[in-house]
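Below you'll find the structure, written out as structure tokens, and then a few comments.
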Amino acid sequence: MALNANSEQPDLSLPDDYKADHPDEHPTDWGWHGEWGRASRVGGWIVVLILLVMITTTHYNAQGTLFLSLVAAGLVVMLIWDRQRRKNAWRS
């Protein structure tokens, strides 16, 4: 016998003891706006450099070099796109 999906409403509310200790708050109230800021961009460029240094190691075939290069190029494209997006954000 299959259950009817509309037969019972799910209880999506929080427990009463949790509500008492945690009032309604939003991340923006305490300073979080969903960005990691400069650290993520610096970390991205460090990862690109590490991937490019990994190309200098010994590979049995060129496939390792190919994938390291593709991943590094993808990261560079994303970092440049992010830079342009932040630079031109005030214009839109």
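Each value in this text was obtained by applying a stated rule to the coordinates, not by laboratory testing. Bear in mind the structure is a predicted one, so any value in this text is a computation, not a measurement. Ideal geometry is used to build each Cβ from the backbone, glycine not excepted, and the neighbour counts take in all protein chains shown.
If each of Asn61 and Lys19 carries a label point 7 Å out from its Cα toward its Cβ, how far apart are those two points in nm?
Placing both labels 7 Å along Cα→Cβ, they lie 6.2 nm apart.
How much net charge surrounds Ile80 when only the other residues with a Cβ under 13 Å from the Cβ of Ile80 are counted, with Lys and Arg +1 and Asp and Glu -1?
Taking every other residue near Ile80 into account, the sum is +4.
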